Amino acid sequence: MFARRLQVESVNADGEARLFPIAWIDNFAMRNFTNDAVLDDTLPVADGVLEVGYRVPLDHLRVAMEDWFRRKGYLKPDDKLRIIQVQDG
C-alpha cells in the first residue's frame with residue numbers, strides 16, 4: 001500500500017530547505033481533519049519522509065499538508081512546502 005517514498009520539506013524565501021520533523025508529519029497523518037479517505041494512505045517514517053500509496057494524488061497531498069502546517073504555525077507565511085518523490089516501489 002505505501003509504495004512511494006516522499007521527502008517533505010519547507011523552503012524559505014532564500015531557497016533554503018529543511019525537512020519537516022516526523023512529529024509534525026505524524027500530526028498531519030494521524031488526524032482525519034480533511035475527511036478525505038485518500039489521505040489515509042500515508043505513513044510517516046522519519047524526519048522529512050512520508051510513504052504513501054499510489055491512490056494519493058501528490059498535488060492534493062501538498063495542498064492539504066501546506067494548509068495544515070500553516071494553520072498549526074509550522075510553516076512560516078513566506079515558506080513553501082515541497083514534496084519530492086524519492087522512491088517508487
Per-residue ellipticity at 222 nm attributable to helices in the chain (runs of n ≥ 4 DSSP H, -39500 (n - 2.57) apiece, nearest 500 deg cm²/dmol) works out to -8500 deg cm²/dmol
Helix 58-72 versus the longest principal axis of the chain: what angle, 0 to 90°, nearest 10, using Cα atoms?
50
Mean projected area, convex hull of alpha-carbon positions in the chain, reported to one decimal in nm², is 5.2
Kindly provide the GluC sites (Glu not before Pro) of the range 4-54 that DSSP labels as loop, not H, G, I, E or B, and whose Cβ sees at most 15 other Cβ atoms within 10 Å.
GLU16
Size of charge dipole - the range 7-66 - debye, nearest 20, with Cβ of Lys, Arg +1 and Asp, Glu -1, no other charges
120
Amide hydrogen neighbours beyond the local backbone of VAL49, cut-off 5 Å, H modeled
VAL8
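Read the figures in this text as sums done on the coordinates, not as results from a lab. Keep in mind the model is a prediction, meaning the values are calculated, not measured. Counting neighbours? That spans all protein chains shown, and the Cβs are built from the backbone with ideal geometry, glycine included.
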